[in-house]
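Here the structure comes first, spelled out in structure tokens, and everything after it is commentary.
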Amino acid sequence: MTIFILNGPNLNLLGKRQPEIYGHETLDDVARLCTEAAGARPVRLLQTNWEGQMIDWIHEARTEAAGIVINPGAWTHTSVAILDALNAYEGPVIEVHISNVHKREAFRHHSYVSLRADGVIAGLGIQGYALAVQRIGALLG
Ligand code: DQA
């Protein structure tokens, strides 16, 4: 089954938005890295700026995804609804942040998603996504 790579708000601008924080690589580069890291397992990379769409994809993952890698963007710090959706998902979940959120503003230090995530990666740039995919593979065996 597929690994879902879910991306929240503003990540469509990856590569253009605040490159000093998020780097110059794009979501297409993330997709390429994740495909390589997944080996034979299919990956589906999705991005939305709409919270309800993200929740619908997490619901879809209940039957369609072997695991979820999620960068919830700013919803990390605000969304009980995304936490609730992830709590209704039974497979492995890895939370990824491109930047080191703990080195940034205090409001980025708290994550609702971390209450559900099986692992959290922050500050490794887009390489964090590939490592998260590898970890999902290891958890699935
Ligand atoms: C982010 C960190 C969040 O605090 C921020 O709102 C983002 C991106 C990251 O990948 O470093 O949009 O999740």
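General remarks:
- Each peptide in 33-40, 99-106 was scored by the mean count of other Cβ atoms within 10 Å over its residues; highest first, the order is 33-40, 99-106.
- Equivalent ellipsoid semi-axes - Cα gyration tensor, the stretch 16-64, angstrom: 23, 19, 6
- Taking only protein heavy atoms and a 1.4 Å probe, the accessible area of the chain is 51% carbon and sulfur.
- A convex hull fitted around the alpha carbon atoms of the stretch 74-141 yields 70 Å³ per residue.
- For the chain: accessible area per residue (Å², 1.4 Å): 49 Å²
- Its Cα centre serving as origin, the stretch 2-140 has a Cβ charge dipole (Lys and Arg +1, Asp and Glu -1) of approximately 240 debye.
- With θ taken as phi - 60° and the Karplus curve 6.51 cos²θ - 1.76 cosθ + 1.60 applied, the whole-hertz 3J(HN,Hα) list for the stretch 14-24 is 4, x, 10, 8, 5, x, 5, 9, 9, x, 9 Hz, x standing for glycine and proline.
- Converting the Cα gyration tensor eigenvalues of the chain into ellipsoid dimensions via √(5λ) gives semi-axes, longest first, of 20, 18, 14 Å.
- From its DSSP helices (H runs of at least four residues, each -39,500 (n - 2.57)), the chain gives a residue-normalised ellipticity at 222 nm of -11000 deg cm²/dmol.
- Distance in nm between pseudo-label sites at T78 and L140 (7 Å out along the Cβ direction from Cα): 3.2 nm
The values are calculated or read from the model by the stated rules, or taken from the named source; none is laboratory data. Quick caveat: nothing in here was measured; it's all calculated off a predicted structure. Please note: Cβ atoms are built from the backbone with ideal geometry, for glycine as well, and neighbour counts cover all protein chains shown. Each accessible area value is taken on the protein alone, full model and side chains, heavy atoms only, with ligands, DNA and RNA left out. Shrake-Rupley method; radii C 1.70, N 1.55, O 1.52, S 1.80 Å.
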